[in-house]
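Worksheet: one structure, shown below.
The values are calculated or read from the model by the stated rules, or taken from the named source; none is laboratory data. The shown structure was predicted, so the numbers you read here are calculated from the model rather than taken from an experiment. Note that each Cβ is placed from the backbone with ideal geometry, even for glycine, and that neighbours are counted across all protein chains shown.
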Amino acid sequence: MAEPAVRNLTDRAGDPSVGDLVSLAVQDVSQLVRCELDLAKIELKGDVRRLGIAGALLGVAAFVGCLVLVLLCFAFAFGLVALGIWEWAAFLIAAGTCIALAALAVLIGYTKVRKLSGLRKTRSTVQDDLSLLRRDGDTAAKPAGSS
């Protein structure tokens with residue numbers, strides 16, 4: 001099978017060939033890409049798990065909240081009618097209150113979703129790797145005497 005390129009370099013007397021150096025560079029880049037993908041997978045697993053739990057809890061809360069809200073809306077509307085407000089106005093006030101509560105629930109859910117990490121570590125390490133490659137590529141492309 002294929003032997004590691006490092007062994008080929010140490011077996012020879014003298015400087016390594018360009019082919020050996022290119023082979024080592026390709027192996028290093030391949031390993032770097034694999035490590036970056038592994039890091040992305042680890043971060044995504046955590047985010048997906050948190051997102052799944054948050055979604056399930058929001059779903060349960062929404063279902064129970066809808067059931068309770070219907071009962072409370074009727075109680076609220078009939079309570080307003082008992083205070084002397086017209087029936088149609090009492091039910092409109094109850095509906096407006098429901099809309100305000102729904103807007104509040106959306107706002108709370110939105111703030112929970114915004115707290116996801118969004119692959120910060122992966123993005124940072126990929127940017128570091130790219131800047132390192134660009135810097136090495138720039139110094140290799142320029143002659144030693146030019147500035």
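Could you go through the stretch 115-122 and let me know if any residue there is of a type in the set (A, V, I, L, M) and part of a helix (DSSP H, G or I).
First, pick out the residues of the stretch 115-122 that are of a type in the set (A, V, I, L, M): 116, 119.
Going one step further and asking which of them are part of a helix (DSSP H, G or I), we end up with none.
Scanning the stretch 115-122 turns up no residue that is of a type in the set (A, V, I, L, M) and part of a helix (DSSP H, G or I).
Here Ala13 does not qualify as loosely packed, with under 13 Cβ neighbours inside 10 Å, farther than 30 Å from Leu133 by Cα and either at pLDDT below 95 or out of contact with any His (no Cβ under 6 Å at 6 or more places or on another chain) (or both). Note on the stretch 63-73: residues that are of a type in the set (A, V, I, L, M, F, W, C) and either touching a helix residue (DSSP H, G or I) at 6+ places or on another chain (Cβ under 7 Å) or surrounded by 14 or more Cβ atoms within 10 Å (Cβ to Cβ) (or both) total 3. Would you confirm whether or not the stretch 7-16 contains a residue that is without any contact (Cβ under 8 Å) to a residue 24 or more places away in the chain, hydroxyl-bearing (Ser, Thr, Tyr) and in a loop (DSSP other than H, G, I, E, B)? No; the residues of the stretch 7-16 include none that is without any contact (Cβ under 8 Å) to a residue 24 or more places away in the chain, hydroxyl-bearing (Ser, Thr, Tyr) and in a loop (DSSP other than H, G, I, E, B). Restricting the stretch 100-119 to residues that are more than 19 Å from Ala61 (Cα to Cα) and either polar (S, T, N, Q) or in contact (Cβ under 8 Å) with a residue 24 or more places away in the chain (or both) leaves a set whose member that is surrounded by the fewest Cβ atoms within 10 Å (Cβ to Cβ) is Gly118.
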